[in-house]
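Following: one structure in structure tokens, then a few remarks.
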Amino acid sequence: MSIKAFAFLSGMMSLLIITKSSQAIWALVIALIVYLLTYFSQAKQTLTRMFLAGLCWSCVNIIVWSCYSGTTVSEPVRANIDGHICSIPGFSHDSYRFDFCIHSIDQKRLSFGQRNRFKLTWGKYVTPPEIALKAGQRWRFAVKLRPPHGRVNPAGFDSEQWMLSEGYGGNGYIKSAILMEHELTLSSTYHYLRQKVFDYLSAHLADVPNKGLILAITMGERDQVKTDQWQLFKNTGTSHLLAISGLHIGIAALWSYWIILFLWRLSHRLCLTVSAQKAAQIGSLIGAFMLLLLSGLGLPAQRAFIMLFIFLISRWSGRNYRLASVLSIALLVILIIYPFALLSASFWLSFFAIFIISCVINREVSEGRRVTEWLKVNWYLYLALIPITLLFFNLLSPVSIIANLLLIPLTSFVLTPIAYVASLVSIVNSYLASQLFQFASLVIDLTRWLQTLLTSFDWTHFTLSLHYFSIFLLLLMVMILLVPRKLVSKAVLLPLGLLFSFSLLVSEKENSFEMIVFDIGQGLAIYVQTPEGNLLYDTGWGKQQYAIAGSVLLPFFEARGIKRLDKVVISHGDADHAGGLKVVQQSLQIDELIAGEVLVAAQSQNCHSYTDWRWGNVHFKFLSAELSGDALPDDSLPSNNLSDNQRLTRHSLSGNNSSCVLSIEVTQSNYDAPTESQTPLTKAGPVEKEKYKILLTGDIEKRVEKKLLAKGIGKYDVVIAPHHGSKTSSTSEFVERLNPRHVIFSTGYDNQWKFPRKSVVQRYLKQESQIWVTHQQGAITLKIAPETGAILSSERETQPHFWTSQY
């Protein structure tokens, strides 16, 4: 059964390979034909049929999703929606955020198959709600709905994949709202009752120091967990303790089993009616189901409950199923019910962990060896989950094995039971419940002390980005370690280990130039890497406590192992260019900060008087420095009595026109022709020497463009469009003079300014420039190497998936 389930899973893996619904249709047709042909074969084709069944099921789901995914909203649209709040609202960054289950859009009921759950934001610019937002409330909203579109970058969180795996139809923000009369439905009633429980517990936890962590452990609500607390769990590899998943469902089932077993055995009559063992098993199922309801029916918790249910059914059937067979059946059921679970990291982590435990643990453990067996399981579990953790998070935590050895028992047998007992006791005795919650908080303090102690070492956690092939080899070696010797000889570990070591030595050519224009929303962030140094130009949007750099730039730097930046250039002080500077400063060492305007947050050199420099064959020059001595047409202020920084920005005291204009010239020689699938900057063909010119323009407008024209600016191969493609920039004369082969617009999806403007795009098209737009194509990467010349590519093209192809 295990091999059959693995064959079905292998077929389902086509979800990760198929990039378009048309491919899914052809794959389905071919798979069905082959499936029918297997019936005429003399040999047994069970595994082949299971593989084809998995392939067919994945193709069917891709086709159905493609047909229905756009029927709710296929593009940004304003609409009036009716529905109810189907999650406990959270508040952060001056905005409310919650899930909203839509009943109708513009008075049209949603049809079967349409995803009706949307992530909505009630921002600070909208009139605040007159009453507190609660789960289960029915509202009529005037909203701007968007399909599940996200930012696509070389590293970081894939929100499109996550929304697909979690069943969301999209997101949106509220324009106006009307509270409606409560409509009695199963869903709204469930969420209403869960909100009541949450409010009840929150009231009793008002004076408890670790309120947020207790709510996370008991109900899975993590909005009140502080950033530093969350970081401790992440760095020690114990963040799974804050998510209601398999561990918590198992704890609930285990404690329910023990309690019911003890109580049932007290009554001889009950034992004669139903055996204590069976009653305890039913009780464990009920306990797990109650926690599932309390946690908000999260998908990881649902999967864990299904596994528990199948395990108990196998016990009640009277047949002696092996644990591997039970797990295989559970895997098949979950893949059939939740086919897109394959896209979730939690699915792989939980199933792989259970698989490892089933391989390692002995069926019967003597009394004296239980501790040894526990240590053995945790050691193998730690080793086995390394490749999965590297695949999804690029993170390796050597202290996680110690942290989990200490904190899992502490959470399972002390903290969680106390928290749930306190919740129940609060119904009859508030004082006793308060004392129990305070004790739970002390246990959390002990947990945090242990975590802080473990993270005090320099080797707490490492960021490690490996190639997929290296991770596959690592996973293969782990699997060979686990399986019995009679199946696979351990001798094959030696050549696999050598191959793995060799794969670590293969890296990017050190003599290449790379520039990445990040898909960072409505803003700009560009990373430049040369063999001799690196540079970050702008940091994207940010304000006060939040910056997009935290979810786009930092994951990229962590994945690349970048801890230091030679130069950071902030083109000017606007929030969409300088907003992420603080986040970058807190996470990386910055050797030199250069800016076009005076920065309040940091001391910087001014680009308008900065001398040009060279890193190997790459020459950098601020063209805006050439304008520093010239007054712009409407800049007649005298230069006397100005501060140093003001004098350096003499040509444009503030605003967009103070942007640093950076020219980059890369000289390469003896390169080979690019392949047909690549996008070259120049006509393919070997040459002795080639120069590539790149222009980073910030937010300059017409006035600065005129001065650059007057200074004799020439042609460029790649241009970052000034001011994101606004009408105030990219004049016809400027575009004609630059005559770029490629122009890149860094813009946000569905931005309110409609950037890039069509008239501006047309000017570049008139010059036969190839257009690149970050919100349409994801991050744009330019690589220049002697072997290949210059190649431009987009993240959506290099990492295609069926859920991103529609954008």
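Observations, loosely collected:
- Search result, residues across segment 480-502 that are free of Cβ contacts under 8 Å to residues at least 12 places away in the same chain and not charged (D, E, K, R): Pro484, Leu487, Val488, Ser489, Ala491, Leu494, Pro495, Leu498, Ser501, Phe502
- The strands (runs of 3 or more DSSP E) falling completely within segment 570-640 include none with 2 or more residues that are of a type outside the set (Gly, Ala, Ser), surrounded by 13 or more Cβ atoms within 10 Å (Cβ to Cβ) and modelled with pLDDT under 95.
- Scanning segment 758-787 for residues that are in a loop (DSSP other than H, G, I, E, B) and surrounded by fewer than 19 Cβ atoms within 10 Å (Cβ to Cβ) turns up Gln767, Glu768, Pro786, Glu787.
- Criterion applied to Ser346, Ser328, Ser317, Ser350 was being surrounded by fewer than 16 Cβ atoms within 10 Å (Cβ to Cβ) and polar (S, T, N, Q), and the one residue passing it is Ser317.
- Test result for Ile286, surrounded by 15 or more Cβ atoms within 10 Å (Cβ to Cβ), farther than 20 Å from Phe351 by Cα, of a type in the set (Val, Ile, Thr) and over 31 Å from the mean Cα position of the chain (by Cα): no
- For segment 158-185, residues that are under 17 Å from Arg138 (Cα atoms) and among the hydrophobic types (A, V, I, L, M, F, W, C) total 6.
- Condition met for Phe141 (part of a strand (DSSP E or B), touching a Gly at 6+ places or on another chain (Cβ under 6 Å) and of a type in the set (Phe, Trp, Tyr)): no
- Residue check for Ala135: touching a His at 6+ places or on another chain (Cβ under 8 Å) and aliphatic (A, V, I, L, M): yes
- Qualifying residue in segment 66-83 (condition: at pLDDT below 85, touching a Phe, Trp or Tyr at 6+ places or on another chain (Cβ under 6 Å) and in the same structural domain as Phe141 (by TED's automatic domain parsing)): no
- Whichever residue in segment 367-413 is aromatic (Phe, Trp, Tyr) and buried (at least 18 other Cβ atoms within 10 Å of the Cβ) and, among such residues, is farthest from Phe556 (Cα to Cα): Tyr380
- Of the residues making up segment 778-807, just one is touching a helix residue (DSSP H, G or I) at 6+ places or on another chain (Cβ under 6 Å) and without any contact (Cβ under 8 Å) to a residue 60 or more places away in the chain, namely Ser794.
- Boolean, Leu415 is at pLDDT below 95 and over 29 Å from the mean Cα position of the chain (by Cα): yes
- You will find that of Ala155, Ala206, Ala142, the residue that is under 30 Å from Thr447 (Cα atoms) and not charged (D, E, K, R) is Ala206 and no other.
- Residue selected from segment 698-714 under the condition closer than 17 Å to Pro740 by Cα and over 39 Å from the mean Cα position of the chain (by Cα), by the criterion surrounded by the most Cβ atoms within 10 Å (Cβ to Cβ): Leu708
- Within segment 8-29, residues that are over 12 Å from Gly54 (Cα atoms) reach partners that are of a type in the set (Val, Ile, Thr) and in a loop (DSSP other than H, G, I, E, B) with beta carbons closer than 8 Å, at six or more positions or on different chains, in the pairs Ala24/Ile18.
- Only one entry in Val77, Val34 is more than 23 Å from Leu343 (Cβ to Cβ) and either touching a residue at least 60 places away in the same chain (Cβ under 8 Å) or in contact with a strand residue (DSSP E or B) (Cβ under 6 Å, 6 or more places away or on another chain) (or both), namely Val77.
- Residues (among the hydrophobic types (A, V, I, L, M, F, W, C), in contact (Cβ under 8 Å) with a residue 40 or more places away in the chain and touching a Phe, Trp or Tyr at 6+ places or on another chain (Cβ under 6 Å)) located in segment 705-744: Ala721, Leu738, Ile744
- In summary, helices (runs of 4 or more DSSP H) completely within segment 168-252 and bearing 3 or more residues that are crowded, with 20+ Cβ neighbours inside 10 Å, over 27 Å from the mean Cα position of the chain (by Cα) and in contact (Cβ under 8 Å) with a residue 24 or more places away in the chain occur at 186-204.
- Residues of segment 716-744 that turn out to be touching a Gly at 6+ places or on another chain (Cβ under 9 Å) and farther than 19 Å from Ala790 by Cβ, as a count: 4
- For segment 414-434, filtering for residues that are more than 19 Å from Tyr257 (Cα to Cα) and exposed (fewer than 13 other Cβ atoms within 10 Å of the Cβ) leaves 5.
- Residue ranges of strands (runs of 3 or more DSSP E) in segment 26-135 with at least 2 members hydroxyl-bearing (Ser, Thr, Tyr) and surrounded by fewer than 20 Cβ atoms within 10 Å (Cβ to Cβ): 95-105
The values are calculated or read from the model by the stated rules, or taken from the named source; none is laboratory data. All values derive from a computational prediction rather than experimental measurement. Because the Cβ atoms are built from the backbone with ideal geometry, glycine has one as well, and the counts that use them run over all protein chains shown.
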